[in-house]
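Taking it in order: structure first as structure tokens, then the write-up.
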Amino acid sequence: MTAPLLSITNVCKKFGAVVALEKVSLHVGTGEFFALLGPSGCGKTTLMRCIAGFESPDSGTMALNGLDLSGVPPYRRPVNMMFQSYALFPHLNVFENIAFGLRRKGETKDAIEARVSELLAMTQLSNFGHRRIDELSGGQKQRVALARALAPRPKMLLLDEPLGALDRKLREETQFQLKEIQRLTQTSFVIVTHDQDEALALADRIAVMRAGRVEQVAGPIEIYDKPATRFVAGFVGETNFIEGRLERNGGAAALVAEFGRIPCEPGNLPDGARATLSVRPERIGVAREGEGIAGYVENFVFRGETTLLRVRVAGNVVLRAAAGYGERHAIGDAVTLSFPPDAGTLLAEEPGDEGRNERAAQ
Ligand SMILES: Nc1ncnc2c1ncn2[C@@H]1O[C@H](COP(=O)(O)OP(=O)(O)OP(=O)(O)O)[C@@H](O)[C@H]1O
Ligand SMILES: [Mg+2]
């Protein structure tokens, strides 16, 4: 783990009766690529505005490099923010947009020239210095905004939905560029997104937020494979929720569901506990016969790499399972589903209880 650059502890923020942030605690390391992920209205932008200094928390503390940020105005923080709308200056050309923060800092003409050239090259805009902003494509504007925000060498760059205005194809390309630029500059990036794929693709660590709270902070693989709550499991990626009762048969634990026994890792839940198992479709084995849970293919969707099957395993239970490339199934086919013991994550919550837990970030 990298040294913590930003530490946020128990930050709360209300707007009238609306609780935008509730006891948010997390830290961001030096040179880390950190993502705030969550549905609309969960408090992502509010948290970012608190970090930048445009809002101040009602309670809790924030420290950068060990220095308390309360009362420090935005322009005195070694933090820069790139807004979703880019907020480029239309009357200045690309070069002058990027140079803006450097001129305000009073840097010399030569230093500005060198820094802007470096950033133009890094963002693949070397031939665009003299272009007007309204002569650029959406992707080019995005890169100018990024270069402008990086120019004064902030320790931390806050990016609120930086790729939100780009179409899907360009978004994917730009993700690679963004990651590369972050790696080259070794600046801490905190990115806001409500796109789970984007968070998984970009971030070293992700904070999943819900209704003003942080539900889990972890690396992409852990968030995906070991979601801490039912909300995280359902929000990030596709999953099946299987309800049942835990049977801790010595070594071989299983969740006893109405349609059969699913091998699982019991964690620290007691024998007999009601629990929910979250299992990703690609972790379920699909075979035509053999041991496992019997069902039949109700329908399927071809997805290129995999085919997503909807398999009815009981009168009222349908599971989604991904069949591998080249495996063909037809509607009505009988299949058997198998579950390696580590396929799922056992969650203590009951349905209807989702999110009502205090397991916030460390
Ligand atoms: N200045 C404000 N005055 C009143 N309420 C606000 C203000 N700013 C945010 N809120 C409320 O606080 C909550 C969190 O808002 P925030 O903008 O942080 O959400 P978000 O996670 O960024 O959502 P989105 O993904 O839609 O941008 C929302 O209920 C919002 O309506
Ligand atoms: Mg927002």
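No lab work stands behind these numbers, since they all come straight from the coordinates. Here the structure is a predicted model, which is why all the values come from computation and not from measurement. FYI the Cβ positions are ideal-geometry reconstructions off the backbone, even for glycines, and counts take in every protein chain you see.
Given only helices, namely DSSP H runs of n ≥ 4 each adding -39500 (n - 2.57), what is the per-residue ellipticity at 222 nm of the chain, to the nearest 500 deg cm²/dmol?
That calculation yields -7000 deg cm²/dmol at 222 nm.
Using 7 Å Cα-to-Cβ label points, what is the Phe176/Lys14 separation (nm, one decimal)?
4.9 nm
Could you work out the local net charge near Gln175, counting Lys and Arg as +1, Asp and Glu as -1, over the other residues with Cβ closer than 15 Å to its Cβ? Write out the running numbers ahead of the final one.
Working: positive: Arg143, Arg168, Lys169, Arg171, Lys179, Arg183; negative: Glu161, Asp167, Glu172, Glu173, Glu180, Asp195, Asp197, Glu198, Asp204.
Net local charge, Gln175 excluded: -3.
If each of Phe83 and Thr30 carries a label point 7 Å out from its Cα toward its Cβ, how far apart are those two points in nm?
Those two pseudo-labels are separated by 3.2 nm.
Of Val116, Val24, Val72, which has the largest mean-square fluctuation in a 10 Å C-alpha GNM of the chain?
Residue with maximal mean-square fluctuation among Val116, Val24, Val72: Val72.
Can you check how the C-alpha radius of gyration of the stretch 173-231 compares to 2.2 N^0.38 Å, as a plain ratio? Walk me through the numbers before you get to the answer.
Details: Rg = 12.3 Å, N = 59, 2.2 N^0.38 = 10.4 Å.
Ratio of Cα Rg to 2.2 N^0.38 Å: 1.18.
Label points 7 Å out from Cα along the Cβ direction at Leu67 and Asp167: separation in nm?
A separation of 4.6 nm, rounded to one decimal place.
Determine the gain in length on full extension of the stretch Phe54-Ala114; use 0.36 nm per residue of separation and subtract their C-alpha separation, reporting nm with one decimal.
On the way: separation 60, 0.36 × 60 = 21.60 nm, distance 3.06 nm.
Length difference between fully extended and current span is 18.5 nm.
Can you pull a Stokes-Einstein diffusion coefficient for the stretch 285-338 at 37 °C (0.692 mPa s), Rh from Kirkwood over Cα pairs, as a whole number of µm²/s?
Values: Rh = 10.8 Å.
D, rounded to a whole number, is 303 µm²/s.
DSSP loop chymotrypsin sites (Phe, Trp or Tyr not before Pro) in the stretch 275-338 with at most 13 other Cβ atoms within 10 Å of their Cβ, which ones?
Here the chymotrypsin sites (Phe, Trp or Tyr not before Pro) that fit, given the DSSP loop and packing criteria, are Tyr325.
Just add up the charged neighbours of Val18: K/R +1, D/E -1, any other residue whose Cβ is under 15 Å from the Cβ of Val18. Could the numbers behind the result be given before it?
Details: positive: Lys13, Lys14, Lys44, Arg49, Arg210, Arg213; negative: Glu22, Glu55, Asp58.
Here the charged neighbours net out to +3.
Two-decimal Rg/Rh of the chain from alpha-carbon positions, Kirkwood Rh?
1.06
Within the stretch 324-348, list the residues whose amide N lies under 20 Å from a label point set 7 Å along Cα→Cβ of Glu289.
327-339
Which residue fluctuates the most in the chain, going by a Gaussian network model with Cα springs under 10 Å, if the choices are Gly292, Gly71, Gly267?
Gly71
Calculate how large, on average over all directions, the projected area of the Cα convex hull of the stretch 222-324 is; give the answer in nm² to one decimal. Write down the numbers at each step before the final one.
Details: hull surface 29.0 nm².
Taking the Cα atoms of the stretch 222-324, their convex hull projects to 7.3 nm² on average.
Give the longest segment of the chain that steers clear of GluC sites (Glu not before Pro) in DSSP loops with at most 14 neighbouring Cβ atoms within 10 Å, not counting the sites themselves. Can you show the working numbers first?
Working: sites that count: Glu238, Glu258, Glu289, Glu291, Glu305, Glu327, Glu358.
That gives 1-237 as the longest site-free run.
Can you give me the C-alpha center-to-center distance between the stretch 1-56 and the stretch 221-253, rounded to a whole angstrom?
Between the Cα centres of the stretch 1-56 and the stretch 221-253 lies a distance of 27 Å.
Can you report the principal axis dimensions of the stretch 83-160 using only the alpha carbons, biggest first, rounded to whole angstrom?
30, 27, 22
Please build a GNM for the chain, connecting alpha carbons under 10 Å apart, and tell me which residue among Val297, Val318, Val18 fluctuates the most.
Val18
Span-like helices, the chain: DSSP H, alpha-carbon axial extent 15 Å or more, mean Kyte-Doolittle 0.0 or greater, which ones?
Working: long enough: 94-104 (16 Å, 0.32); 109-122 (20 Å, 0.28); 138-150 (18 Å, -0.27); 168-185 (25 Å, -1.39).
Taking the DSSP H segments of the chain (at least 15 Å long, mean hydropathy at least 0.0), we get 94-104, 109-122.
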